[in-house]
Amino acid sequence: MKNFKYTTQGVCSRTISFDIKGGKIYNIKFEGGCMGNLRAVSKLTEGKNAKEIADILRGNDCRGKGTSCADQLAKAIDMALAEFE
């Protein structure tokens, strides 16, 4: 299992950390942001295929910012998966 930490940009959460093992994502934790929503995102994605999760969340917008915590998670996953290639 490999741990990743991503510093977000343009959103309320400051960092996202998670583990990837066998292409699946685990232990997603957001620092800052809307905790109720972000805990739900973490629970819904736990143990799921990381690439599929990134594809679903990519492009999600929050309040016209052009990004969101979910979109930032997709970017973080993309960067993490690129390390495996």
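Note that the chain presents 60 Å² accessible area per residue, ligands and nucleic acids not counted, probe 1.4 Å. In the set [x] 15.2, 46; [y] 11.3, 33; [z] 11.6, 35, which value of Rg and Dmax of the Cα atoms in Å was calculated from the structure you see? After the calculation, the listed value that fits is [z].
In a DSSP loop and with at most 10 other Cβ atoms within 10 Å, there are no GluC sites (Glu not before Pro) in the stretch 1-80.
Share of the chain's accessible area from carbon and sulfur, percent, 1.4 Å? For the chain, the apolar C and S fraction of the accessible surface comes to 52 percent. Taking trypsin sites (Lys or Arg not before Pro) as exposed when their DSSP state is a loop state and no more than 13 other Cβ atoms lie within 10 Å, the longest site-free interval of the chain runs over 15-62.
The values are calculated or read from the model by the stated rules, or taken from the named source; none is laboratory data. Everything numeric in this text was worked out from a predicted model, so none of it was measured. Backbone-built Cβ (ideal geometry, glycine too); neighbour counts: all protein chains shown. Please note that ligands, DNA and RNA were not included when accessible areas were found on the heavy atoms of the full protein model with its side chains. Shrake-Rupley method; radii C 1.70, N 1.55, O 1.52, S 1.80 Å.
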